1. Taking θ = phi - 60°, what integer Hz values does the Karplus form 6.51 cos²θ - 1.76 cosθ + 1.60 yield along segment 95-111, in sequence order, with x for Gly and Pro?
2. With Cβ to Cβ distances under 14 Å as the rule, what net charge do the other residues near residue 61 carry (K, R +1; D, E -1)?
3. Classify segment 46-136: rounded, prolate or oblate, from the alpha-carbon gyration tensor (a ≥ b ≥ c, eigenvalue square roots; a/c under 1.5 rounded; otherwise prolate if a/b is larger than b/c)?
4. Would you pull out the residues with amide H under 5 Å of residue 5's amide H, same chain only if 5 or more places away, H placed 1.01 Å from N?
5. Treating each Cα of segment 1-105 as an identical point scatterer and ignoring solvent, apply the Debye formula and state log10 I(q)/I(0) at q = 0.20, 0.23 Å⁻¹.
6. In terms of the ratio Rg/(2.2 N^0.38 Å) built on C-alpha atoms, what value belongs to segment 1-63?
7. List, in order, the whole-Hz ³J(HN,Hα) value for each residue of segment 49-59 obtained from phi through the Karplus relation with A = 6.51, B = -1.76, C = 1.60 and θ = phi - 60°; use x for Gly and Pro.
8. Using each residue's phi in segment 71-81, evaluate 6.51 cos²θ - 1.76 cosθ + 1.60 at θ = phi - 60° and report the 3J(HN,Hα) Karplus result to the nearest Hz, with x for Gly and Pro.
Amino acid sequence: MNDLVISDGVGAVLKAGTGIGAAGVLIYSREYARARGLWRAEYLVLILFGVVGMMTMIGANHLLTLYVGLELLALCLYSMIGMQRDSVRAAEAAMKYFVLGALASGILLYGMSLLYGLTGSLSLAELASSSAALAPTNLPFWFSCGGEANPSIICFFAPHRAGYKPFMEKIAKETVPANLEQEMRRSYLDYAMSVIVGRALPDVRDGLKPVHRRVLYAMSVLGNEWNRPY
């Protein structure tokens, strides 16, 4: 299939595990589904199509194949969540999941387009072999920033800022110096003087270039944190 799908030992083991897991789900969910009127033909078909989607992702050797398997699994999950048509919570959960899934799908496709623009291919094997082309873009750094941007603790506390705001203010009073803003202004002045001296003296300027980049990055981060509303 033009190397869109591969079959190897690891993939066979993972596919077998997926099939066994799906069989266990069908066995253990039978009584639960029957009690709620969900044990119907479409329930079984959706589970089987979801298994096909997972197996497609396991054997994918191309980003488009991976995307097709992911969307096949996601569409089955959307439908299974909304099968309880008389339940308001099930309908709400299915709608929210669908909207978030569509947003995530768009972001994923945008990332794939960036990779295609950088390497000229969507094959996973070619992407792995073209790491030299990806190195100048610092992709590992940005991927790590994206992964660390929304840790679980932040996602948990974000909707409840009003509740823990007094607690955070008390911690800030105990830990943050009262003259922090003055100290930051003084540091800005010191750095401005170093830039002026660097411009006036070329030898010093060349030696300070790496330091300038790090200081500018640190100051931009501090400025964003200082101006962020709580």
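Every read-out reported here was derived from the displayed coordinates using simple, explicitly stated rules and does not represent laboratory data. These numbers were taken from a predicted model, which means no experiment stands behind them. Glycine also receives a Cβ, built like all others from the backbone with ideal geometry; neighbour counts cover every protein chain displayed.
1. 5, 5, 4, 5, 5, 5, x, 5, 5, 5, 5, x, 5, 4, 5, 5, x
2. -3
3. It comes out oblate by the Cα gyration axes.
4. Under 5 Å from the amide H of residue 5: 61.
5. Values, matching the q order: -1.07, -1.22.
6. Expressed relative to 2.2 N^0.38 Å, the Cα Rg reads 1.36.
7. 3J(HN,Hα) across segment 49-59, in whole Hz: 5, x, 5, 4, x, 5, 5, 5, 5, 5, x.
8. 5, 4, 5, 5, 5, 5, 5, 4, 5, 5, 5
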